[in-house]
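Laboratory data are not the source of any read-out in this text; all were calculated from the coordinates shown. Please read these numbers as outputs of a predicted model, since none were measured by experiment. Cβ atoms come from the backbone with ideal geometry, glycine included; neighbour counts cover every protein chain shown.
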C-alpha cells in the first residue's frame, strides 16, 4: 500500500518503500591508492558541511579509509582499474556510508598483505557494520554512524 494524503489535504506520512534513496554524496573512482585520500578528503568536507564534531568525523574518516583500502588491496588482485564506489546518506541524525566494488568479494586470502584488522576496526568505530552484496552483485560494506 502506498502513501496518500488525508482528507484535510495534509501531506502523506512516509512509509518504507523499495524506492532507492538518492545519496547526499556519491563518488566512483578507479581503485588506486591515491583515490583513498580523495575519498577521505571528500568525506571530510562533507562532514564539515554537516558540522559533524571533530572526534566523530575522525572516526568516520578512519573507518571509510579502511574500507576503501580494502577495495584497493583485495578487490581486484593484479589490477587497479576496477571501480571504487562510495555513497553517503544522512537520515535522522545518522550517516550511512557504503563502499562498493565489483571485485572478488570478501573471501579469505592466505596471501593477504594486510594484518586482517580493517573490518574489526570499522566495526569498533561505526554504530553498525553490514557486509553484503548489492543489487548489481557488487560487494558492499555499509557503515552507519550517529551524528548526534
- Query: In the range 50-70, which residue that is part of a helix (DSSP H, G or I) and without any contact (Cβ under 8 Å) to a residue 24 or more places away in the chain is nearest to the chain's Cα centre (by Cα)?
  - Reply: 61
- Task: Go through the range 117-143 and give me each residue that's in contact with a strand residue (DSSP E or B) (Cβ under 7 Å, 6 or more places away or on another chain), within 22 Å of residue 44 (Cα to Cα) and surrounded by 17 or more Cβ atoms within 10 Å (Cβ to Cβ).
- Result: 122, 126, 129, 140, 141, 142, 143
- Task: Could you grab me the full set of residues in the range 28-39 that are buried (at least 16 other Cβ atoms within 10 Å of the Cβ) and part of a helix (DSSP H, G or I)?
- Result: 35, 36, 39
